[in-house]
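The values are calculated or read from the model by the stated rules, or taken from the named source; none is laboratory data. All values derive from a computational prediction rather than experimental measurement. Note: ideal-geometry Cβ built from the backbone for every residue, glycine included; neighbour counts use all protein chains shown.
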Amino acid sequence: MGKKEIKTGKAPKAIGPYSQGVTVGRQLFLSGQIPIDPATGEAVGGSIEEQTRQVLKNLQGVLEEAGASMDDVVKTTVYMKDLSAFGEMNAVYGEFFTAPYPARATVEVSGLPKGVGVEIDAIAVIDEK
C-alpha cells in the first residue's frame with residue numbers, strides 16, 4: 001500500500017519539503033494549515049475567528065481534493081499562540097464539524113509561522129466508494 005500526495009490550489013501550496021496531504025490506503029494525513037489565503041498567499045489577519053475560519057477552509061480544500069469531507073476527519077491538533085482565545089476558536093471550529101466530532105488536542109505554542117495565531121492539522125479516514 002503506497003502513499004499518494006494530495007495537492008490543491010484550494011489551500012496554500014507547500015513551501016518546503018512536505019505535502020499538503022498524503023493518503024495511505026483509506027487514511028489521509030493533512031499537514032498543519034495556517035490562515036493563508038491561497039488566492040493571495042498572504043496571511044489573513046484580524047481576529048482569531050477569522051484566522052480559524054481560513055485555516056479550516058484550507059483543510060477543507062485538501063480534503064475535497066482527496067475525495068473526502070470534514071465528516072471524514074477523525075483527529076485534529078490545534079496549535080494556538082494564546083489559549084485565552086480558545087472559546088473564540090472553538091466557536092468557529094464548531095461551525096465546520098458535526099457529531100460525532102473528531103478527537104482533538106489543543107496546545108499553546110510560543111510561535112507559529114508568519115506570526116499567526118492558530119494552526120490546525122488533521123487525520124481523516126476516507127470512506128470506500
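Residues that are in contact with a strand residue (DSSP E or B) (Cβ under 6 Å, 6 or more places away or on another chain) and at positive phi within segment 72-129 comprise just one, Lys114.
Of all the residues in segment 71-89, those that are under 27 Å from Asp127 (Cβ atoms) and either without any contact (Cβ under 8 Å) to a residue 24 or more places away in the chain or surrounded by fewer than 18 Cβ atoms within 10 Å (Cβ to Cβ) (or both) number 4. Gly46 passes every criterion in (1) over 13 Å from the mean Cα position of the chain (by Cα); (2) modelled with pLDDT of 95 or more apart from (2).
Within segment 90-104, being surrounded by fewer than 10 Cβ atoms within 10 Å (Cβ to Cβ) and within 19 Å of Lys57 (Cα to Cα) holds for Thr98, Ala99.
Just the residues that are part of a strand (DSSP E or B), surrounded by fewer than 16 Cβ atoms within 10 Å (Cβ to Cβ) and in contact with a Phe, Trp or Tyr (Cβ under 6 Å, 6 or more places away or on another chain), please, taken from segment 108-127. Steps first, please.
Keep residues of segment 108-127 that are part of a strand (DSSP E or B), which gives 108, 118-125.
Filter once more, so that each one left must be surrounded by fewer than 16 Cβ atoms within 10 Å (Cβ to Cβ): 108, 125.
Passing the criteria: none in range.
Only one entry in Gly21, Gly25, Gly45 is of a type outside the set (Val, Ile, Thr), free of Cβ contacts under 8 Å to residues at least 60 places away in the same chain and under 17 Å from Lys114 (Cβ atoms), namely Gly45. Does any residue of segment 106-122 turn out to be in contact with a Lys or Arg (Cβ under 7 Å, 6 or more places away or on another chain), closer than 19 Å to Gln27 by Cα and not small (Gly, Ala, Ser)? For segment 106-122, residues in contact with a Lys or Arg (Cβ under 7 Å, 6 or more places away or on another chain), closer than 19 Å to Gln27 by Cα and not small (Gly, Ala, Ser): absent.
A quick yes/no check of all residues on (1) polar (S, T, N, Q); (2) more than 19 Å from Asp37 (Cβ to Cβ); (3) within 10 Å of the chain's Cα centre (by Cα):
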residue: Leu56; (1), (2), (3): no, no, yes
residue: Leu59; (1), (2), (3): no, no, yes
residue: Glu65; (1), (2), (3): no, no, no
residue: Ala68; (1), (2), (3): no, yes, no
residue: Val74; (1), (2), (3): no, yes, no
residue: Ala85; (1), (2), (3): no, yes, no
residue: Asn90; (1), (2), (3): yes, yes, no
residue: Phe97; (1), (2), (3): no, yes, no
